[in-house]
1. With the structure loaded, tell me whether Glu15 is touching a Gly at 6+ places or on another chain (Cβ under 6 Å), closer than 26 Å to Cys140 by Cβ and of a type in the set (Asp, Glu) or whether it fails that test.
2. Within the stretch 12-32, which residues are of a type outside the set (Ser, Thr, Tyr), surrounded by 13 or more Cβ atoms within 10 Å (Cβ to Cβ) and in a helix (DSSP H, G or I)?
3. Do you know which residues across the stretch 1-38 are acidic (Asp, Glu) and touching an Asp or Glu at 6+ places or on another chain (Cβ under 8 Å)?
4. With the checklist (1) more than 23 Å from Phe14 (Cβ to Cβ); (2) in contact with a Gly (Cβ under 9 Å, 6 or more places away or on another chain) in hand, flag the one item Gly84 doesn't pass.
5. Need at least 1 residues that are acidic (Asp, Glu) per element, so show me which strands (runs of 3 or more DSSP E) inside the stretch 33-141 make the cut, counting only ones lying wholly within it.
6. Restricting the first residue to the stretch 45-65 and requiring it to be over 16 Å from Ala85 (Cβ atoms), which pairs with a second residue that is part of a helix (DSSP H, G or I) meet a Cβ separation below 7 Å and a spacing of at least six or different chains?
7. Listed residues Ala60, Ala64; which is surrounded by fewer than 17 Cβ atoms within 10 Å (Cβ to Cβ) and either under 24 Å from Val110 (Cβ atoms) or in contact with a helix residue (DSSP H, G or I) (Cβ under 8 Å, 6 or more places away or on another chain) (or both)?
8. Looking at Ala85 and the list (1) over 14 Å from the mean Cα position of the chain (by Cα); (2) touching a residue at least 40 places away in the same chain (Cβ under 8 Å), which single condition is not satisfied?
Amino acid sequence: MTSAIEHFQNRLRFETDVSDVHHDLEAGTPGLVVIDSRSTESWDQGHIPGAVHLPTRQIAARAAELVPPGSAVVTYCWGPGCNGATRAALEFAKLGYPVKEMIGGYEYWVREGFPTDGPAGRSSRPVDDLTAPVGAACGCA
């Protein structure tokens, strides 16, 4: 029983979801830095408003110039089929930053209807009812 409790506590300690990140960004949570670890081409297609673009391969060299020490870092990549956010979170952890991975990634951010910045400016898509209940809270908290 103890190992299961430890496992799930650690998941909550090191993972967050798109709804929680959206809430924290809307609330202006101090010290939060959201990192998009995808390529420049992916970033240009669209990204979370307020995110910092820092591809994983550049984190070790550029994190200190872009992310203030002690910031609470949240990393994201494309989606649940991609481990890019995990790799980026590992790089930030190696540098001593408190870090979480945003599960679901950019895909679920978009599918839950949250705004994105892209070539046409700020936009959002309709909520995908397979990922978020339309007009109601999921009740999972």
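Computed from the coordinates by the stated procedures, all read-outs in this text should not be read as laboratory data. Predicted model only: the values in this text are computed from it and were never measured. Cβ coordinates were reconstructed from backbone atoms using ideal geometry, including for glycine residues, and neighbour counts include every protein chain displayed.
1. Values: touching a Gly at 6+ places or on another chain (Cβ under 6 Å): no; closer than 26 Å to Cys140 by Cβ: yes; of a type in the set (Asp, Glu): yes.
So Glu15 does not fit the description; no.
2. Start the filter on the stretch 12-32 by keeping residues that are of a type outside the set (Ser, Thr, Tyr), which leaves 12-15, 17-18, 20-28, 30-32.
Restricting the remaining residues to those that are surrounded by 13 or more Cβ atoms within 10 Å (Cβ to Cβ) gives 14-15, 17-18, 20-22, 24-25, 32.
Correct list: Phe14, Val18, Asp20, Val21, His22, Asp24, Leu25.
3. Taking the stretch 1-38 as the starting set, the residues that turn out to be acidic (Asp, Glu) are 6, 15, 17, 20, 24, 26, 36.
Result: Glu15, single match.
4. With respect to (1) more than 23 Å from Phe14 (Cβ to Cβ); (2) in contact with a Gly (Cβ under 9 Å, 6 or more places away or on another chain), Gly84 is out only on (1).
5. On the way: elements: 72-76, 99-103, 116-118, 121-123.
Fully inside the stretch 33-141 and qualifying: 99-103, 116-118.
6. So the pair list comes out as Gly50/Leu25; Ala60/Glu91.
7. Ala60
8. (1)
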